[in-house]
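Down below is the structure, laid out as structure tokens.
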Amino acid sequence: MPQIDAIRDTLKVLDLEGLKQVNQNVVKTAVENKVFDNGTIDGYTVAAIDGTKFFGSNKKSCPECLKNTKGNKIHSFHSGAVISTVGKKMN
């Protein structure tokens, strides 16, 4: 798995307009090729997964907290992954 620093450095130099154009072309081609079928893609429902930080504190923590140290400050937090389904029915 890439480290957050590598992801951050990559995102700083990405050509966002080029990336948007690639995304638009992929969606356009998928629609033209009739890949979408009743709100699904080839009968499969798409799931979007994203990691998120639920809450955090520089003062309070618990044994299950994740820790991030910046300088001499320790930030304690909880995070997790959330999923959203896209489409009408599951396969």
- Task: Divide by every residue of the chain the summed helix terms, -39500 (n - 2.57) for each DSSP H run of at least 4, and state the resulting mean residue ellipticity at 222 nm, rounded to the nearest 500 deg cm²/dmol.
- Result: -9500 deg cm²/dmol
- Item | Computed FRET value (nearest 0.05) for residue 54 with residue 22, which takes r as the C-beta separation and R₀ as 30 Å | 0.40
- Note on the structure: In nm, the gap between the two label points placed 7 Å beyond Cα toward Cβ at residue 10 and residue 64 is 3.0 nm
- Principal-axis tilt of helix 16-32 within the chain, Cα atoms, nearest 10 degrees: 40 degrees
- Message: What FRET efficiency comes out for residue 47 versus residue 72 if R0 is 30 angstrom and r is the Cβ-Cβ distance? Round to the nearest 0.05.
- Response: 0.15
- Message: Angle check, please: helix 4-13 long axis (alpha carbons) against the longest principal axis of the chain (alpha carbons), in degrees 0 to 90, nearest 10.
- Response: 50 degrees
- Note on the structure: Percent of all Cα-Cα pairs per 10 Å bin for the chain, counting from 0 up to the last occupied bin, reads 13, 24, 29, 21, 11, 1
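All of the numbers you see were taken from the coordinates with simple rules; none came from a lab. Small disclaimer: the values here were computed from a predicted structure and weren't measured. All Cβ positions, glycine included, derive from the backbone under ideal geometry; neighbour counts span all protein chains shown.
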